[in-house]
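First the structure, in the form of structure tokens, and then the observations on it.
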Amino acid sequence: MAVKSIGVSVPRNDAYEKVTGRALYVADLKIQGMLHAKVLRPEYAHALIKAIDTSEAEKMPGVKKVVTGQGCSIHFGACYKDQQPLAVEKVRHAGDAVAVVVADTERHAEEALKAIKVTYEPLPHATDPLEAIKEGAALVHEKNGEYKVVPGFFPKKGTNIFHHYKLREGDTVKAFSECDAVVEGDFTYPLNAHSQMEPHGCIACWDSADSVRIWASSQAPFIIREMVADMFHIPFANIKVHVGFLGGAFGGKSDVSIEPMVAYVARFVPGVPVRLVLSRKEEFTSGFVGRGLRGKIKLGAKKDGTLHAIEASLYFADGAYADGACNVVQAAGYVATGPYVIPNCAINAIGVYTNTPSVGAFRGYGHPEAHFMAERAMDMLARKLSMTPEALRRKNFLCDGKRNALGQLITKGHGDIHKCLDGVEGVFKETKKPAHDDEFLYGRGIAAFMKTPMMTTNACSGAIVKFCEDGTVNISVSGVEMGQGSQTVLAQIAAETLKIPYENVRMSKTIDTQFSPHEWQTVASISTYRVGNAIIKACNEVIGKIMKAASQVLQLSEEDLVYEGEFIRSRVNVNAEVALPVKKLLLSYVAPDGKAIGEPIMGTGSHILRGMTFPDSETGRGSCAGQWTFGCQGAEVKVSRKTGKVTVTNLVTSIDVGKALNPELARAQMLGGMMMGYGAALSEEIVFDEKGKIKNPNFNTYKIPTMADMPEKYSVVFVETPQEDGPFGARCIAEHPAIAIPPALVNALYDALGVDFHAIPVTPKTILAALEGRN
């Protein structure tokens, strides 16, 4: 049967609710009797709590309860149990939660916060990881090394280092002595904000001492369930976590954040729903942030351009709590070599406690930081070798038959990075780079990337497929739709597998942990791959049941029948009248004599990416990456000699997607990711004052790109080398376009200005200073 849904840019199936305002988010929910919570934040980035007086606040109008951390012994975390629902004894960053007021209105709660009196004893603080690891630096956690930590992470007791991942291969000392060209440098990738539209929100209601309902803006409802069960020692089955529409996340809602605190606070007013929605300022100060790298890299090659050795140290300012950052650190270590074959490597990826908001998952998950160093170093090395950046990369690319630093064999099915580079070069050839003139300097830059989904080795997805009697289909999954278009693509996968029109597939819009199939988390760009495969399995189970029933009805073997979506036909006699409508089988077939044949048609499926292992404790190597996606990106810029302003004239992404299931949605993913990379490279940076408080916790001063900043041109090239185990050949692509745009842009700035920038964002002020210095 001809392909109907795959490779077609069908309209989004969640558009109607969103454009009409019918989509409900946590902030829209109104539950009878619901109370509102507001949180008191400290004035200091690091301080002891000497005393808290809530007596006046408790008398304020509308106040039902004031909750502090006093007496709380609960610690939570998926990998590191170093966090408590509210601060106890000390605050570790200026966004910590000191007290929560629960009142009848948000305004009353906000007013009561002002009546809480807290006595602090300020402590020295550090926002920079290199400062935090110095001998004698104030400890963010005195109990670092004593907390409960899952195996595979290595906190260093008596320091602020909570994890040190090491990747080792060969002998770098000897190898560097054999190199003909070596470059090295220090690089900075500052903390960035996710800047998703919808802030974090959560409602919790305890129906009994061991039963709670939670509504959350989250990418991980099943992780919330696990965490709450562990905190309060109650059965998983007694916890009901709802997730509806999500107004963006970019990874910032994949780690458990405010939900444990709201659940803890709601326990003080049993039977009453308590809601907390963070303000935009709190999103900056008290939600998750991303990146925060201070790194060093040394890269060496033989005179023919063959890469021979790399050493890199990546220090991350991971904030006050480690749970969201520990795996980001590790992922950065996995990819610190860039997409190249380098036989000798010594990589150190180090997570550091700092007095800043906690780092969590953020689009790219450690890959952008690592690639910024590697791809800048590649351009620097190419110049030293008198090679073009393209030639140096092409000579060393990971490709079919090569092994990466983890020791994994790369196959053709992982994609074709050479074709990706061809794609960028092809776009560049369409126009000649302008010569510098009196007003502008012009430059072009490229960078390559590889990306793996970071996840637990048993991460799984489930799907439930249920036929209705009219031939339409309901599908329930727990992959969260947060704007990426996954529900549309997953419906296309189901329609293609079931050979029915896309319009006949209805995806569930809400997730409920008591009724929805299990999903580890909606992270790592893997929903299309993992949930898609689960749906295919469920659909094939459904088709099997239909065929079994048809075999009984038609008195033919299943091998003699063919499923065509609308009908079952005979293979042996295609011209016969044997064409059984599938609709007749969906609730069970009723024979002429009234007997029922078959059963209501529904199926389930699940998918786990098999074969992953933990890294070796000594070398850091192993089958730690489930799969890989490769790509190349490019940038063309013109820089004002007078103002230093950078105008991006073209951004290019060339990526091996395996199969573009919905080309327009895939292209939209590319454009969004490219603009996030653009913002990181040219304008975005969380800035702290001398007291460790964020100076720019709003969009007036934290500059994300706007429509006025859009590049003059976008170019997206899809290379399609099918992934053998991907749904219809598709592979993971969502975070990827954000990875290599920063180094591509900064490489383009070198081409324009002849100045190497090692820190982003590169602002007009930076450029003018550099030009002045160069002159």
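The values are calculated or read from the model by the stated rules, or taken from the named source; none is laboratory data. Here the structure is a predicted model, which is why all the values come from computation and not from measurement. Positions of Cβ are backbone-derived with ideal geometry, glycine not excepted, and every protein chain shown enters the neighbour counts. Calculation scope for accessible area: heavy atoms of the full protein, side chains included, ligands and nucleic acids excluded. Shrake-Rupley method; radii C 1.70, N 1.55, O 1.52, S 1.80 Å.
Applying the criterion of being open to solvent by less than 30 Å² (accessible area, probe 1.4 Å) and of a type in the set (Phe, Trp, Tyr) to the residues of region 185-221, the residue that is nearest to Ala374 (Cα to Cα) is Phe187. Residue count for region 270-287 under the criterion of being open to solvent by 20 Å² or more (accessible area, probe 1.4 Å) and assigned to a loop (DSSP other than H, G, I, E, B): the result is 4. Comparison of Asn662, Asn696, Asn700 shows that the only residue that is buried (at least 24 other Cβ atoms within 10 Å of the Cβ) and either farther than 19 Å from Ala748 by Cβ or in contact with a helix residue (DSSP H, G or I) (Cβ under 7 Å, 6 or more places away or on another chain) (or both) is Asn662. Filtering region 190-227 to residues that are assigned to a helix (DSSP H, G or I) and either modelled with pLDDT under 95 or of a type in the set (Asp, Glu) (or both) leaves only Glu226.
May I ask you to list the residues in region 759-775 that are part of a loop (DSSP other than H, G, I, E, B) and open to solvent by 50 Å² or more (accessible area, probe 1.4 Å)? If the condition is that a residue be part of a loop (DSSP other than H, G, I, E, B) and open to solvent by 50 Å² or more (accessible area, probe 1.4 Å), then Asn775 is the only one that fits. Here Ser5 passes the criteria (1) assigned to a loop (DSSP other than H, G, I, E, B); (2) farther than 27 Å from Glu142 by Cβ; (3) out of contact with any helix residue (DSSP H, G or I) (no Cβ under 9 Å at 6 or more places or on another chain); (4) at pLDDT 95 or above except the one numbered (3). Taking each residue of region 399-422 that is among the aliphatic types (A, V, I, L, M) and looking for partners that are buried (at least 17 other Cβ atoms within 10 Å of the Cβ) and in a helix (DSSP H, G or I) with beta-carbon atoms closer than 8 Å, six or more apart or interchain, yields Ala405/Tyr334; Leu406/Tyr334; Leu421/Glu390; Leu421/Arg393; Leu421/Arg394. If the condition is being part of a loop (DSSP other than H, G, I, E, B) and crowded, with 21+ Cβ neighbours inside 10 Å, then region 628-658 contributes Trp628, Val657, Gly658.
Note on region 16-44: among residues that are open to solvent by 40 Å² or more (accessible area, probe 1.4 Å) and outside any loop (DSSP other than H, G, I, E, B), the one that is nearest to Ala115 (Cα to Cα) is Ala27.
Would you check if there is a residue in region 365-386 being open to solvent by less than 10 Å² (accessible area, probe 1.4 Å) and in a loop (DSSP other than H, G, I, E, B)? Yes. Kindly provide the set of residues from region 129-152 that are open to solvent by less than 40 Å² (accessible area, probe 1.4 Å) and either modelled with pLDDT under 95 or charged (D, E, K, R) (or both), ordered by number. Gly152 - this is the single residue of region 129-152 that is open to solvent by less than 40 Å² (accessible area, probe 1.4 Å) and either modelled with pLDDT under 95 or charged (D, E, K, R) (or both). With respect to the conditions (1) in contact (Cβ under 8 Å) with a residue 40 or more places away in the chain; (2) open to solvent by less than 30 Å² (accessible area, probe 1.4 Å), Val473 falls short on a single one, namely (1).
Any residue at all in region 558-571 that is part of a loop (DSSP other than H, G, I, E, B) and aliphatic (A, V, I, L, M)? No, because not a single residue in region 558-571 is part of a loop (DSSP other than H, G, I, E, B) and aliphatic (A, V, I, L, M).
Selection over region 76-92 of residues that are open to solvent by less than 40 Å² (accessible area, probe 1.4 Å) and either at pLDDT below 95 or among the hydrophobic types (A, V, I, L, M, F, W, C) (or both) gives a count of 6. When the residues of region 732-752 are filtered to those that are open to solvent by 10 Å² or more (accessible area, probe 1.4 Å) and not in a helix (DSSP H, G or I), the one that is nearest to Glu684 (Cα to Cα) is Glu735.
Please find, among Gly247, Gly251, the residue that is of a type outside the set (D, E, K, R), surrounded by fewer than 19 Cβ atoms within 10 Å (Cβ to Cβ) and not in a helix (DSSP H, G or I).
On the way: Gly251 fails: surrounded by fewer than 19 Cβ atoms within 10 Å (Cβ to Cβ).
Exactly one residue qualifies, and that residue is Gly247.
If the condition is being among the charged types (D, E, K, R) and in contact with a strand residue (DSSP E or B) (Cβ under 9 Å, 6 or more places away or on another chain), then region 462-516 contributes Lys466, Glu481, Lys499, Arg506, Asp512.
For region 583-602, indicate whether the set of residues that are aliphatic (A, V, I, L, M), open to solvent by 30 Å² or more (accessible area, probe 1.4 Å) and under 27 Å from Asn662 (Cβ atoms) is non-empty. Taking every residue of region 583-602 in turn, at least one turns out to be aliphatic (A, V, I, L, M), open to solvent by 30 Å² or more (accessible area, probe 1.4 Å) and under 27 Å from Asn662 (Cβ atoms).
With the requirement that a residue be part of a strand (DSSP E or B) and either aliphatic (A, V, I, L, M) or open to solvent by less than 10 Å² (accessible area, probe 1.4 Å) (or both), what does region 93-128 give you? Walk me through it before giving the result.
Kept after step one, since they are part of a strand (DSSP E or B), are these residues of region 93-128: 99-103, 117-122.
Correct list: Ala99, Val100, Val101, Val102, Ala103, Val118.
From the set of residues in region 710-724 that are out of contact with any Gly (no Cβ under 8 Å at 6 or more places or on another chain) and open to solvent by 50 Å² or more (accessible area, probe 1.4 Å), which is farthest from Ala494 (Cα to Cα)? The qualifying residue farthest from Ala494 (Cα to Cα) is Glu712. Ala332 satisfies every condition listed in (1) without any contact (Cβ under 8 Å) to a residue 60 or more places away in the chain; (2) open to solvent by 10 Å² or more (accessible area, probe 1.4 Å) except (2).
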